[in-house]
1. Under a 1.4 angstrom probe, counting protein chains only, how are Thr172, Thr78 ranked by accessible area, largest first?
2. If we count every other residue with Cβ under 11 angstrom of Lys153's Cβ, Lys/Arg +1 and Asp/Glu -1, where does the sum land?
3. Could you look at the stretch 149-202 and say what percent of its accessible area is carbon and sulfur, using a 1.4 Å probe and all protein chains?
4. Provide the solvent-accessible area of Ser105, counting protein heavy atoms only and rolling a 1.4 Å probe, rounded to the nearest 10 Å².
5. Do any of Lys47/Lys200; Lys167/Lys200; Lys73/Lys153; Lys45/Lys200 go past 30 Å between their Cα atoms, and which?
6. Along the stretch 147-162, what does the Karplus equation 6.51 cos²θ - 1.76 cosθ + 1.60 (θ = phi - 60°) give for ³J(HN,Hα), rounded to whole Hz, x for Gly and Pro?
7. What are the residues whose amide H is under 5 Å from the amide H of Ser105, where those residues sit 5 or more places off or on another chain and H is modelled from the backbone?
8. Largest first, how would Asp46, Asp184 line up by accessible area (1.4 Å probe)?
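The values are calculated or read from the model by the stated rules, or taken from the named source; none is laboratory data. What you see is a predicted model, and the numbers here were worked out from it, not measured in a lab. Cβ placement follows ideal geometry from the backbone for every residue including glycine, while neighbour counts extend to all protein chains displayed. Heavy atoms of the whole protein, side chains included, go into the accessibility calculation; ligands, DNA and RNA do not. Shrake-Rupley method; radii C 1.70, N 1.55, O 1.52, S 1.80 Å.
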Amino acid sequence: MIITRYSFFKYFICCTIVWLGNGCNPSSEGNHQQYAEGQQVIHIKDKRGNHIVRLVWDSENTMIESDQQFWSKPAGSTTYRTEQLPLVEIQTNGLEITATTKVASWQIRFLDDTMHILQLGNSPKVIYQVAQPQTDKFWVYKAGREVGKTKIKNGMIDVDGYGIDLKIPAQTNAYAYTLLMMYDIPETIRFTLMIELLKKGI
């Protein structure tokens, strides 16, 4: 009986340590996660831990989950769908990415070290520009006026703009994170373009 209790106690302690280890693992609650082999996960939260968006992609699927909805597309498709209905159509030509919904089309273009975000129509209009003055810094402009910036420091991307202040664990900086502060662009378009840039490593 003593041996049985000792064995059970030892087993219980081991299970508790494993459970605590899994629960306290930074990667399980961090913004950048590795869920499955080859799968990339970025979960962005505000300072209070509230969910903003989760981006997941691998060789088979690309998935986006915001507070409002969930949309995804399989590999080889150009259409993101939500509840089986088409939501966003993606067209890619090199570094030029166009996202189209039933309402409007938005496009990302690169010129040297500057990213332009345009709303397409009869007369395309540049809404935002992102300049990269240094390797680890990106400045966001709207109509020539600075509205925010991102920088990387000690493995954290600092997103600092009007109405947003996030610190996101990341290995490298990217133009993609600047889209978080572009409020004039619909959320569906912003997050779709963001994951497209991240998938390209831009």
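1. Working: Thr172 95, Thr78 60 Å².
Highest to lowest solvent-accessible surface, that is Thr172, Thr78.
2. Values: positive: Lys137, Lys151, Lys167; negative: Asp136, Asp158.
Result for the local shell: +1.
3. Working: 1100 of 2250 Å².
Exposed carbon and sulfur together represent 49 percent of the surface.
4. Only protein atoms counted, so the area is about 30 Å².
5. On the way: Lys47/Lys200 27 Å; Lys167/Lys200 22 Å; Lys73/Lys153 33 Å; Lys45/Lys200 23 Å.
Violating the 30 Å limit, Cα to Cα: Lys73/Lys153.
6. Karplus-based 3J(HN,Hα) across the stretch 147-162 equals 10, x, 7, 10, 8, 10, 8, 6, x, 10, 8, 9, 9, 9, x, 5 Hz.
7. Answer set, sorted by chain and number: Leu120.
8. Numbers: Asp46 55, Asp184 80 Å².
Ranking Asp46, Asp184 by accessible area, largest first, yields Asp184, Asp46.
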